[in-house]
1. What do you reckon, is Met433 outside the structural domain of His329 (by TED's automatic domain parsing) and buried (at least 21 other Cβ atoms within 10 Å of the Cβ)?
2. For Ala570, indicate whether it is over 21 Å from Glu604 (Cα atoms) and out of contact with any strand residue (DSSP E or B) (no Cβ under 7 Å at 6 or more places or on another chain).
3. Out of region 479-513, which residues are surrounded by fewer than 18 Cβ atoms within 10 Å (Cβ to Cβ) and within 29 Å of Gly403 (Cα to Cα)?
4. With the requirement that a residue be at pLDDT below 90 and within 16 Å of the ligand (Cβ to nearest atom), what does region 40-58 give you?
5. Please determine, by comparing only the residues of region 158-207 that are more than 22 Å from Ser37 (Cα to Cα) and basic (Lys, Arg), which one is farthest from the ligand (Cβ to nearest atom).
6. Mind listing whichever residues of region 217-242 are farther than 19 Å from Asp77 by Cα and either within 43 Å of the chain's Cα centre (by Cα) or part of a strand (DSSP E or B) (or both)?
7. Just give me the residues in region 475-529 being within 24 Å of Ala552 (Cβ to Cβ) and among the polar types (S, T, N, Q), in sequence order.
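The values are calculated or read from the model by the stated rules, or taken from the named source; none is laboratory data. Quantities reported herein were computed from a predicted structural model and do not represent experimental measurements. All Cβ positions, glycine included, derive from the backbone under ideal geometry; neighbour counts span all protein chains shown.
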Amino acid sequence: MGLQQFRTESKRLLDLMVNSIYTHKEIFLRELISNASDAIDKLYYRELDSGTAGMSKEDFYIRVDLDKEKRTLTVSDNGCGMTSEELRQNLGTIADSGTLRFRQERREKGEGADEAETIGQFGVGFYAAFMVARRVTVTSRAFDGDGAYAWQSEGAEGFSVKKAEKDGVGTQIVLELKDDTEDEHYSEFLEPYRIQQLVKKYSDYIRFPIRMEMEHSRPLEKKEGEEQRYETYTELETLNSMVPIWKRGKSELQDEDYDTFYREKFYDYEKPLKVIHTSAEGAVSYTALLFLPARAPFDYYTKDFEKGLQLYSNGVMIMQKCGDLLPDHFSFARGIVDSPDLSLNISREMLQHDRQLKIIATNIEKKIKNELMSMLLSSREEYEKLWKAFGLQIKFGVYSGYGQNKELLQDLLLFHSMDGDKLVTLKEYFDAMKESQPAIYYASGESAARIGQLPQLDRLRELKYDVLFLTDDVDEFALQMLREYGEKPFKSVSAGDLDIGDAEEKKQAEEKTEENKALLDAMKEALGARVKAVRLSTRLKRHAVCLTADGALSIEMEKVLNHMPNENKAKAERVLEINPAHDVFQKLLRIYEDDREKLPAYAEILYTQAQLMEGLLPDDPGKYAETVSGLLFSV
Ligand code: ADP
């Protein structure tokens, strides 16, 4: 009998798989083991129904055997097996066009690059064997069939089916591995430890034992004066742990169980701050086991970090990191999602996967938000620890996507403030505000200590208005995105108009500005384009001068923006404010009257002083030094 041909779709898929530069060849084992488990399921359920084969659950198993000499890897099961007709039908066709169609659509849209990825994620079934094998022989005996048959193929050319010998019901699949090349080392699949590792990675929660002969050594009895000798022996071991922790009831699990699982699975040496174990039934059923880590991985804030949860379908791992399951602002969460609704079978429509994933992702986002909120309210210390590690990411979340998540995230934010050493939420700040306070004030700078010294805080301190201290680059951008909280606008302490003081006070200030217009204009002229104006201040008490900004762009934001590789430099509209109640102001008035040619030097020094307070260097340090010396040491 000659070779029978594969159906066309199968041929195309085979082609694609074998020829694509596929990085996850290892998944072939997962596919074969999943098939074996399905086959056992079929017989097992039948057994439960009719009891005809006289087998119980303990009798079922999957075996992996390695033979280095023959270069074969064999997967066997004692499941339902296949008749000769089924061998032809099931292994001669991939009764699927969904994936191929999906792939074609993507290719038409020019998104073909990750087609191999897609297939790898959703399972390719039996054909994956050809990624590593030059010849595959499937010998099978169906439970109610007429003896055993062997199906054999060397890939796309076709296959044959012949009568064969086999004891017992079930299927045995022998892969004759390809020869190693410079780039591909198929021999790795002949190493017991590699196989053990792959089973752990992908198939740890298969419900039936997966067994393999493992080699061990033990010390031989030692005789006087002899060296210690060892003997090797093999032992049939079960490689998989079978019951996933998330499938066990919450009531039978201790904190310790979760912690151990977390540390082993995610290689963290610290235990998680929070464990979220949740299940849902309904439109989509799933179980999620999530962990909020206590510290950020070293690459968390780099572009190398990849977010995502492990995705399982009925205990079989189908994706190591499913990014779609986590929003960026909670990308620090780790864990697994297991959903029976996500089938390994590629015949499922991909679009449907998308829809189900989206539902799960939305639920998970809500769940994490709620957990964070309850942590914030009832275990503040732990929340602050988390905030220290991941707060920056949450703040980015407020700002990014044009603020589309700002409502979700705003109550999770924490800030330092003028009012002591603790962190406050926006709500806490808001609740402590006086009725008359017109805005939520904030000040930016390098550190809380540094900000605490800003001259702009003088008046607010006197009024007992608290001020949020912003120390991260993103902070001010995030607050601008929020715009307001509880209908109170956010306002920078350096904003042109602070909106403080009563009407009388304002009027006085305006009158005083008018009176001293000539002096202020002269100073503005001396400073040129560097400032938009020189004004008298209502916000200063102790200090003589400060810099403020008109318009939306603050000096702090200017700094941040100009750190980025932009062509156009941002420029805040700077205003030099002078405290009219300060001795310095009296001195300026005198100089303006008696010694006017020295005024530019004084303007220069005061402007630079205000800049230094903002953490900015002098525009021209040399000139600044000269000016100071000129005034101090002139004879
Ligand atoms: P899928 O498992 O996604 O249906 P596969 O290509 O992996 O696709 O397998 C095709 C079919 O071959 C399976 O649906 C099953 O009926 C049959 N099959 C594969 N492996 C086995 C096995 N070990 N025992 C019995 N039947 C099997």
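1. For Met433, the condition - outside the structural domain of His329 (by TED's automatic domain parsing) and buried (at least 21 other Cβ atoms within 10 Å of the Cβ) - is not met.
2. Taking the combined requirement at face value, the residue satisfies it.
3. Gln480, Arg483, Glu484, Gly486, Glu487, Lys488, Pro489, Gly496, Asp497, Asp499
4. Result: Asp41, Lys42, Leu43, Tyr44, Tyr45, Arg46, Glu47, Ala53, Met55.
5. Among those that are more than 22 Å from Ser37 (Cα to Cα) and basic (Lys, Arg), it is Lys178.
6. Those that are farther than 19 Å from Asp77 by Cα and either within 43 Å of the chain's Cα centre (by Cα) or part of a strand (DSSP E or B) (or both): Ser217, Arg218, Pro219, Tyr230, Glu231, Thr232, Tyr233, Thr234.
7. Selection gives Gln480, Ser492, Ser494, Thr513.
Results for (1) under 10 Å from Leu547 (Cβ atoms); (2) surrounded by 14 or more Cβ atoms within 10 Å (Cβ to Cβ); (3) assigned by TED's automatic domain parsing to the domain that holds Asn516; (4) not hydrophobic (A, V, I, L, M, F, W, C), shown as yes or no for each residue.
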{"site": "Glu573", "(1), (2), (3), (4)": "no, yes, yes, yes"}
{"site": "Leu576", "(1), (2), (3), (4)": "yes, yes, yes, no"}
{"site": "Leu589", "(1), (2), (3), (4)": "no, no, yes, no"}
{"site": "Tyr592", "(1), (2), (3), (4)": "no, yes, yes, yes"}
{"site": "Lys598", "(1), (2), (3), (4)": "no, yes, yes, yes"}
{"site": "Ile605", "(1), (2), (3), (4)": "no, yes, yes, no"}
{"site": "Gln609", "(1), (2), (3), (4)": "yes, yes, yes, yes"}
